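Below: the structure, in structure tokens.
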Amino acid sequence: MEKKYKILFLCVQNAGRSQMAEAFAREILNDIVEPYSAGSRPANEVNPLVVEAMKEVGIDISDKKPKGFGDLPKGMIFDFVVNMGCGDTCPYYPSRGTIDWNIPDPKDKELEEIKKIRDLIRDKIVELGNYLRALSGDR
């Protein structure tokens, strides 16, 4: 079996966008991606409305907890870090490559807006999969 790409989805709190991205990557790209997520200042819990929005599409993240850099596997070199769209406040984590997504923060948003953000993240994960599959021939 070919080696999977190690992808880190990164934001500040790891309570919404990066949690959704990790979950979608695990669901949609399981054959080519080993996904992780973390934040530079993790929140106390994953946003309950994010959990609800993900349940609507059949993905249960109710048992997930926000993670910090210290929770990542020691010594792991990520193939790509995907910054979820936190602008100048986006944390830095070393990797072979960085991808910047401009995803709105679901914090303090209503459920309907979070569903739009969820769908945008799912679309970005599909695009990422297409990109990585095209790269696979170069590995």
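Below is a table of values for the structure above.
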| quantity | calculated |
| --- | --- |
| Exposure proxy ranking, count of Cβ atoms within 10 Å, fewest first, for LEU29, LEU8, LEU135 | LEU135, LEU29, LEU8 |
| Förster radius 35 Å - calculated FRET efficiency between ASP31 and LYS55 (Cβ-Cβ, nearest 0.05) | 0.90 |
| Cut-off under 5 Å, modelled amide H: who pairs with TYR93 long-range | none |
| Nonlocal amide H pairs with LYS67, under 5 Å, H built at 1.01 Å | GLY39 |
| Segment LEU135-ASN44, length gained on full extension (0.36 nm per residue, minus Cα span) | 29.1 nm |
| Highest to lowest packing among 118-125, 93-100, 38-45, 20-27, scored as the average C-beta count within 10 Å | 20-27, 118-125, 38-45, 93-100 |
| Sites ASP63 and LYS4 - FRET efficiency at Förster radius 35 Å, r taken between beta-carbons, to 0.05 | 0.95 |
| From phi via Karplus (6.51, -1.76, 1.60), per-residue ³J(HN,Hα) for the stretch 60-70 in Hz, x at Gly/Pro | 9, 10, 5, 8, 7, 10, x, 10, x, 4, x |
| Amide hydrogen neighbours beyond the local backbone of GLY85, cut-off 5 Å, H modeled | TRP101, ILE103 |
| Backbone N under 20 Å from the VAL126 label point (7 Å along Cα→Cβ), restricted to the stretch 44-84 | 53-60 |
| Under the Karplus curve 6.51 cos²θ - 1.76 cosθ + 1.60, θ = phi - 60°, whole-Hz ³J(HN,Hα) for the stretch 5-21, x wherever Gly or Pro sits | 6, 8, 10, 10, 8, 10, 8, 7, 9, 6, 10, x, 4, 5, 5, 5, 4 |
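Every read-out reported here was derived from the displayed coordinates using simple, explicitly stated rules and does not represent laboratory data. Bear in mind the structure is a predicted one, so any value in this text is a computation, not a measurement. Glycine also receives a Cβ, built like all others from the backbone with ideal geometry; neighbour counts cover every protein chain displayed.
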